[in-house]
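The values are calculated or read from the model by the stated rules, or taken from the named source; none is laboratory data. None of these values were measured; they are calculated from a predicted model. With ideal geometry, Cβ positions are generated from the backbone for all residues, glycine too; neighbour counts draw on all protein chains shown. Ligands, DNA and RNA are stripped out before the accessible areas are found, and what is left, the full protein with its side chains, is counted by its heavy atoms. Shrake-Rupley method; radii C 1.70, N 1.55, O 1.52, S 1.80 Å.
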Amino acid sequence: MYRVETIAVAAHKGGAGKTTVAVNLAAAMAAQGRRVLLVDLDPQGAAAAALGVTVSKPTVYEALMGGADPRQAILGTSVDGLAMFAADLDLAGAEVELPRMGAWQGSLTRLLAPLEGLCDVAILDTPPGLGVLSLCALVAARSAVAVCPPDFLAYRTLPHLLETLERAGARVLGIV
């Protein structure tokens, strides 16, 4: 098991601000001198766009599916101490492909394991909903930040998200 601190940023509802929270949390931790790896698990790939990173192959998809060495998929950013696994639309295929693999729930945990020593903390930016990629992130995470914008639909899904975090064993650091 790896010792890298892992924090998932999750919300059941799309458009809640997960990527904004994840990118800013990662940048703030890097500014404090920590070596941070931002893992974009949303096929929309907004984290790279927010950081001005041009996505190139291999991405987190190729690394997650075993088609690339994880170290080769890490991209630098303009923020000192912050690197990332970028995502592109190919990652949407993992929602179908991962469940066909044995022990798929631990696939992200296994992906992060050889990165011990390369980073102090991994921030996991999850996609909307609680699908396959989100579940992999929650299983890999030791802790989580729940994102809940101040609207009824987001608040309505919050109890389900918190229950899922508990089932996955992720300690809730807080709700943004």
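With unit charges on the beta carbon (Lys/Arg positive, Asp/Glu negative), name the residue among A8, G45, P70 whose Cα is farthest towards the positive pole of the charge dipole of segment 1-71.
Checked the options; the winner is A8.
Could you please report the charge total around P149, scoring K, R as +1 and D, E as -1 over all other residues with beta-carbon less than 13 angstrom from its beta-carbon?
After counting each charged neighbour, the total is +2.
Using the Cα centre of the chain as the reference point, and only Cβ charges (+1 on K/R, -1 on D/E), how large is the resulting charge dipole? Debye, rounded to the nearest 20.
Value, rounded to 20: 340 debye.
Given that compact globular proteins tend to follow 2.2 N^0.38 Å, what is the ratio of the alpha-carbon Rg of segment 87-176 to that value?
It is 1.14.
Could you check which residue among V96, V147, V60 shows the biggest mean-square fluctuation in a GNM of the chain with a 10 Å Cα cutoff?
Its mean-square fluctuation being the largest, the pick is V96.
Accessible area of the chain with a 1.4 Å probe: how many percent of it is carbon plus sulfur?
Carbon-and-sulfur percentage of accessible area, whole number: 56.
If you count, for each residue, the other Cβ atoms within 10 Å and average over each peptide, how do 5-12, 50-57, 103-110 line up from highest to lowest?
Taking the mean over residues of other Cβ atoms within 10 Å, the ranking is 5-12, 103-110, 50-57.
Nearest 500 deg cm²/dmol is fine: what mean residue ellipticity at 222 nm does the chain get from its DSSP H runs of n ≥ 4 alone, each adding -39,500 (n - 2.57), divided by its residue count?
Helix-only estimate at 222 nm: -9500 deg cm²/dmol.
Tell me the per residue accessible area of the chain using a 1.4 Å probe; a whole number in Å² is fine.
For the chain, the per-residue accessible area is 45 Å².
Across 10 Å bins from the origin, how do the percents of Cα pairs in segment 1-115 run, short distances first?
Per 10 Å bin, starting at zero, the Cα-Cα P(r) for segment 1-115 comes out as 14, 46, 36, 4, 0 percent.
What's the ranking of 24-35, 122-133 by average number of surrounding C-beta atoms within 10 Å, highest first?
122-133, 24-35
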